[in-house]
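Participant: Before we start, here is the structure in question, set down as structure tokens.
The values are calculated or read from the model by the stated rules, or taken from the named source; none is laboratory data. Remember, predicted model here, so these are calculated numbers, not experimental data. Heads up, the Cβs are rebuilt from the backbone with ideal geometry, glycines too, and the neighbour counts pull from every protein chain shown. Surface areas here come from the heavy atoms of the whole protein model, side chains and all, with no ligands, DNA or RNA. Shrake-Rupley method; radii C 1.70, N 1.55, O 1.52, S 1.80 Å.
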Amino acid sequence: MKSIMLYALSTCPFCKMAKRFFESRGIAYNSVDVDLLPEEEKEKTVAEVQRISGRRAFPVIVIGEEVIVGYDELRIKEALEK
Amino acid sequence: MSAEKMLCPVCQVAFLVKEEKIPGKKIICPVCGAVLILEKERDFWVLKRPKDMTPEEEIRSRVENFARLRGYYFNEMKEPLIEALLKKYERYGDFYCPCKIDNIPENVCPCLETRQGSVERNGRCHCGLFWKEA
């Protein structure tokens with residue numbers, strides 16, 4: 001089972017759709033609403049998101065080694081099947 | 001009554017205003033779709049954001065004008081995004097992009113990358129508010 005990390009914002013609909021995608025399929029995943037983190041932790045997490053995705057936009061989904069920027073169901077499915 | 005370049009206080013782009021200048025006249029920014037009001041400050045005409053609109057009326061009219069100007073359409077994601085934009089307004093004081101962490105002028109909806117044509121390239125804006133047929 002690949003580890004899944006979802007970096008999200010509490011205000012972003014595609015982030016909610018990504019959560020629903022995993023939940024509706026019973027796939028275990030970790031997620032964090034970056035905008036709701038305490039300031040210091042937020043900065044650290046945003047820096048990490050920027051390092052792996054090159055952007056400061058959400059969602060960013062990490063499946064195993066693969067980084068998916070934005071909500072792309074096809075790429076999520078492919079990454080899960082790899 | 002000469003045409004004059006005026007600055008949009010939302011997208012910060014200057015555009016030519018050809019209409020007759022009357023205080024309180026409503027002008028729509030051709031770049032971002034913002035509804036603006038003509039006002040005279042000392043000897044200068046300026047464009048201000050409307051004071052008689054609720055935040056919800058303001059953002060709805062802005063995104064609808066922008067979509068009309070660009071030929072974009074909305075889908076079922078529109079309402080969750082309007083709600084998210086209003087949440088951003090409440091929390092951070094302006095309609096910052098609900099899918100970006102930085103609450104800065106270039107991320108005010110419609111954000112800079114959207115104004116610069118990301119919908120043409122990707123079929124939708126990053127958030128999924130504005131869509132265009134491929």
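Participant: Considering only residues that are in a helix (DSSP H, G or I) and over 13 Å from the mean Cα position of the chain (by Cα), which ones fall in segment B:83-112?
Facilitator: Passing the criteria: B:Glu83, B:Ala84, B:Leu86, B:Lys87, B:Lys88, B:Tyr89, B:Glu90, B:Arg91, B:Tyr92.
Participant: For segment B:95-102, does any single residue satisfy the condition of being in contact with a Gly (Cβ under 6 Å, 6 or more places away or on another chain) and either surrounded by 15 or more Cβ atoms within 10 Å (Cβ to Cβ) or at pLDDT 95 or above (or both)?
Facilitator: Checked against the condition, which is being in contact with a Gly (Cβ under 6 Å, 6 or more places away or on another chain) and either surrounded by 15 or more Cβ atoms within 10 Å (Cβ to Cβ) or at pLDDT 95 or above (or both), segment B:95-102 yields no hits at all.
Participant: Restricting the search to segment B:1-19, which residues are aliphatic (A, V, I, L, M) and either open to solvent by less than 80 Å² (accessible area, probe 1.4 Å) or in contact with a helix residue (DSSP H, G or I) (Cβ under 7 Å, 6 or more places away or on another chain) (or both)?
Facilitator: B:Ala3, B:Met6, B:Val10, B:Val13, B:Ala14, B:Val17
Participant: Condition test on B:Asn75, is it of a type in the set (S, T, N, Q), exposed (fewer than 13 other Cβ atoms within 10 Å of the Cβ), more than 10 Å from chain A (Cβ to nearest Cβ) and in contact (Cβ under 8 Å) with a residue 24 or more places away in the chain?
Facilitator: Yes; evaluated as a whole, the condition is true for this residue.
Participant: Looking at B:Arg42, is it more than 13 Å from the chain's Cα centre (by Cα), over 26 Å from A:Gln50 (Cβ atoms), surrounded by fewer than 15 Cβ atoms within 10 Å (Cβ to Cβ) and free of Cβ contacts under 8 Å to residues at least 24 places away in the same chain?
Facilitator: Criteria met by B:Arg42.
Participant: Hey, could you check segment A:30-52 for residues that are free of Cβ contacts under 8 Å to residues at least 24 places away in the same chain and not charged (D, E, K, R) and say which is surrounded by the fewest Cβ atoms within 10 Å (Cβ to Cβ)?
Facilitator: Per the stated criteria, the residue is A:Pro38.
Participant: Here's another thing I want to ask about it. Among B:Glu113, B:Glu106, which is the only one that is within 14 Å of another protein chain (Cβ to nearest Cβ), open to solvent by 20 Å² or more (accessible area, probe 1.4 Å) and touching a helix residue (DSSP H, G or I) at 6+ places or on another chain (Cβ under 6 Å)?
Facilitator: Just one listed residue meets the conditions, B:Glu106.
Participant: Just to be sure, is A:Val69 surrounded by fewer than 19 Cβ atoms within 10 Å (Cβ to Cβ), of a type in the set (Val, Ile, Thr) and more than 23 Å from B:Glu113 (Cβ to Cβ)?
Facilitator: Answer is no for this residue.
Participant: Does B:Ile22 count as of a type in the set (A, V, I, L, M), open to solvent by 60 Å² or more (accessible area, probe 1.4 Å) and modelled with pLDDT of 95 or more?
Facilitator: It is false that B:Ile22 is of a type in the set (A, V, I, L, M), open to solvent by 60 Å² or more (accessible area, probe 1.4 Å) and modelled with pLDDT of 95 or more.
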